[in-house]
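Written out below as structure tokens is the structure these notes cover.
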Amino acid sequence: MKKVDSIISAHAILPIDSDEAKILKQHALIIHQGIIVDIIHQDKIHQHYQTNQHYQLNTHCLMPGMVNAHTHTPMSLLKGFADDLPLETWLNDYIFPAESEFVGDEFVKTGTTLAIAEMIKSGTTCFNDMYFYSDTTAKAVIKSGIRAQLGVVIMQFPSNWANNSDAYIDKGLEIYERYQQEDRLTFSLAPHAPYTNDDKTLIKVAELSQALDLPIHMHIHETKQEIEDSIKIYGMRPLARLEKLGILSQRLLAVHMTQLTKDEIKLCQKFNISIAHCPQSNMKLASGYCPIVDLQAQGVNIALGTDGSASNNDLDMFSEMLSANLLAKMMKDDATKIKAYESLQMATIKGAIALGLDKKIGSLEIGKSADIIAIDFSNIEHNIHHNIVSQLVYSMNKSAVDYVWVKGKTLLEKGKLTTIDCEKLSNKKHHWQNKIARFYAGL
């Protein structure tokens, strides 16, 4: 009889550990030192294990925690700040001026913590971030218990964080070195976009990525305007320019990718690029549509991201998963495209692959980290289900997330956050809301 830290028994477990959906009924996850050490039928638990912490979730389905493959967490404080505007107007006339006015340690601390609270409550256990002051974000991640990959933001334009591309890189790499021992933190190089970085900077990014084996996280082919400007300035489309500069590789996570030709789709396959599909943000800003069915047909890895709260306006991966699924069917005029299980894969294991973390998270398997969510099927609107997989994608929403664990630690219990003081956070949120509202009135 082995003593373990915890056991989670559930009505069903959806491990997402293969290309075919598999449901384990009346099974349990055995957790020790933050790792799944066994997956066993409940009848056999007492023959092999004992624990002081046994969760009996008889109306729940366990699945891997969701991976938000692209977001800007501090921008949760700009939710609803400037809506129903074209991307260029939204960025240049509202978001960039607001960031110039407010972004600093306290803004990032409050905004990130607010975003983390929302993500945990909606079943996200890992997020891929791109924003300034990533040292402040790192502290919020460590305190909350969530998992994150933080982007070393790089651009040639000055901000409150750094004055030029070399300063962005130097400051970012110092933070990367500082947090090497934090198991729940990993890092990427995050050149903002092709149009905000010159050739010299992007060549340096490619060299650093190879030397340090760091992923590259970058907005690419987000709008038609980006394509037109690149052709005008460089004589080629952004993806061709990035290939020339050495950016394209299996370490690249390309965000948005709404403007792709057939040859560019083949290029993604050739270099084994991963793509972060952000359907709700793209729809809201009318940026275009990422052709995920065509990309998937070529074997390209598709992950899902919410983008930031200023352009979505939430961090709900259940909602993102449904949007991606339905939009793909509509764009192809084919209801068979993107099955429910494929959507779940995009929100979990495909996101983990995109971040280079699939050996550790993204599925419920022996030896992987205990990053788990429990979905409650007992509510009246959820308790008739003929197919658990379909129910999770087409009927469930974030309100059904009842428990969340990261590395075996409980972050959400019966719908309540365990590591974040919601009252204190709410007070700070109102402080920033009032400041931003006064600023907005002056624009």
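The values are calculated or read from the model by the stated rules, or taken from the named source; none is laboratory data. The model shown is predicted, which means the values in this text are computed figures rather than measured ones. Counting neighbours? That spans all protein chains shown, and the Cβs are built from the backbone with ideal geometry, glycine included.
Determine whether region 303-315 contains at least one residue that is assigned by TED's automatic domain parsing to the domain that holds Ser249, over 28 Å from Ser249 (Cα atoms), of a type in the set (Asp, Glu) and buried (at least 21 other Cβ atoms within 10 Å of the Cβ). Checking region 303-315: not a single residue is assigned by TED's automatic domain parsing to the domain that holds Ser249, over 28 Å from Ser249 (Cα atoms), of a type in the set (Asp, Glu) and buried (at least 21 other Cβ atoms within 10 Å of the Cβ). Scanning region 376-402 for residues that are of a type in the set (Val, Ile, Thr) and either more than 26 Å from Asp19 (Cβ to Cβ) or under 19 Å from the mean Cα position of the chain (by Cα) (or both) yields Ile380, Ile384, Val393, Val401.
Evaluating Gln156 against the criteria (1) in contact (Cβ under 8 Å) with a residue 12 or more places away in the chain; (2) within 29 Å of Ile372 (Cα to Cα); (3) over 18 Å from the mean Cα position of the chain (by Cα) leaves one unmet condition, (2).
Residue check: is Tyr176 assigned by TED's automatic domain parsing to the domain that holds Phe318 and over 29 Å from Gly34 (Cα atoms)?
So Tyr176 fails the test.
Only one of the numbered conditions (1) under 19 Å from the mean Cα position of the chain (by Cα); (2) surrounded by 21 or more Cβ atoms within 10 Å (Cβ to Cβ) is violated by Gly408, and that is (1). Taken across region 81-100, residues that are crowded, with 20+ Cβ neighbours inside 10 Å and closer than 17 Å to Thr136 by Cβ do occur, with at least one present. Taking the numbered list (1) part of a helix (DSSP H, G or I); (2) modelled with pLDDT of 95 or more; (3) among the small types (Gly, Ala, Ser) in turn, Ala335 passes all entries but (1). Counting just the residues of region 411-443 that are aliphatic (A, V, I, L, M) and in contact with a strand residue (DSSP E or B) (Cβ under 8 Å, 6 or more places away or on another chain), which one comes out surrounded by the fewest Cβ atoms within 10 Å (Cβ to Cβ)? Looking at the filtered set, the residue picked out is Leu417. Here Ala328 does not fit the description of being more than 19 Å from Ile227 (Cβ to Cβ), among the small types (Gly, Ala, Ser), without any contact (Cβ under 8 Å) to a residue 12 or more places away in the chain and out of contact with any strand residue (DSSP E or B) (no Cβ under 7 Å at 6 or more places or on another chain). Of the residues making up region 100-118, those that are out of contact with any Lys or Arg (no Cβ under 8 Å at 6 or more places or on another chain) and either closer than 9 Å to Pro74 by Cβ or of a type in the set (Lys, Arg) (or both) are Val103, Phe107, Val108, Gly111, Thr112, Ala115. Here the condition is being modelled with pLDDT of 95 or more, charged (D, E, K, R) and under 20 Å from the mean Cα position of the chain (by Cα); of Lys424, Lys368, Lys416, it holds for Lys368 alone.
Tell me yes or no: at least one residue of region 318-326 is modelled with pLDDT under 95 and of a type in the set (A, V, I, L, M, F, W, C). The answer is no; no qualifying residue exists.
Among the residues of region 274-306, which ones are farther than 17 Å from Met130 by Cβ and not in a helix (DSSP H, G or I)? Passing the criteria: Ala286, Gly288, Tyr289, Cys290, Pro291, Gln298, Gly299, Val300, Asn301, Ile302. Restricting attention to region 351-387, the residues that are in contact with a His (Cβ under 9 Å, 6 or more places away or on another chain) and closer than 17 Å to Tyr341 by Cβ add up to 1.
Matching residues to (1) closer than 20 Å to Cys278 by Cβ; (2) not in a loop (DSSP other than H, G, I, E, B):
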residue: Thr136; (1), (2): no, yes
residue: Phe157; (1), (2): no, no
residue: Asn163; (1), (2): no, no
residue: Met218; (1), (2): yes, yes
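Please verify whether region 233-253 includes one or more residues that are farther than 21 Å from Trp90 by Cα, in the same structural domain as Ser311 (by TED's automatic domain parsing) and assigned to a strand (DSSP E or B). Within region 233-253, one or more residues are farther than 21 Å from Trp90 by Cα, in the same structural domain as Ser311 (by TED's automatic domain parsing) and assigned to a strand (DSSP E or B). Considering only residues in region 178-210 that are hydroxyl-bearing (Ser, Thr, Tyr) and touching a Leu at 6+ places or on another chain (Cβ under 8 Å), the one that is farthest from Lys224 (Cα to Cα) turns out to be Tyr179. Checked against the criterion of being in a helix (DSSP H, G or I), touching a residue at least 12 places away in the same chain (Cβ under 8 Å) and of a type in the set (Val, Ile, Thr), the candidates Ile366, Ile361, Ile373, Ile353 yield just one match: Ile353. Look at region 221-240: where a residue is under 18 Å from Pro191 (Cβ atoms) and a partner is modelled with pLDDT under 95, sitting 6+ places away or on another chain with Cβ atoms under 6 Å, you get Glu222/Ser287; Thr223/Leu87; Thr223/Ser287.
In the set (1) closer than 29 Å to Ile227 by Cβ; (2) aliphatic (A, V, I, L, M); (3) without any contact (Cβ under 8 Å) to a residue 60 or more places away in the chain, the condition left unmet by Ile175 is number (1).
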